[in-house]
Amino acid sequence: MPRKLLRTFSVSVPEDGNYYLAAWVMGVNGQNLEVYLDDDRFPAGNLPALKKGWQSVGLTDTKSYGQKPISLSEGKHTVTFRCKGS
């Protein structure tokens, strides 16, 4: 069984609103990272690492790959990054 490659972070949101998410990631073999919020079953979007090496990438829509804001309520949330296919 493959090992799941994921990292979960806790974030505090100061007020309700739409937010953009970006992360510093290591690109390997063009893999995308799926981004999950709280206990959502489906990803909120992808972090597409389009080249090899360290890079800053923003959350994109799972279909169009356009930059996508996420709607968050005030308070604590969890953000999980998961390597697709793991």
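The values are calculated or read from the model by the stated rules, or taken from the named source; none is laboratory data. Just so you know, these numbers come straight off a predicted model, no measurement behind them. Every residue, glycine as well, gets a Cβ built from its backbone with ideal geometry; the counts of neighbours run over all protein chains shown.
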| request: Sort out which residues of the stretch 60-86 are at negative phi, at pLDDT 90 or above and in a strand (DSSP E or B), and write them in order of number. | output: 70, 71, 72, 76, 77, 78, 79, 80, 81, 82
| With the stretch 1-59 as the region, which strands (runs of 3 or more DSSP E) entirely inside it contain at least 1 residues that are under 12 Å from the mean Cα position of the chain (by Cα) and closer than 14 Å to residue 77 by Cβ? | 6-13, 32-37
| message | Given the criteria at pLDDT below 85 and of a type in the set (A, V, I, L, M, F, W, C), does residue 11 qualify? | response | no
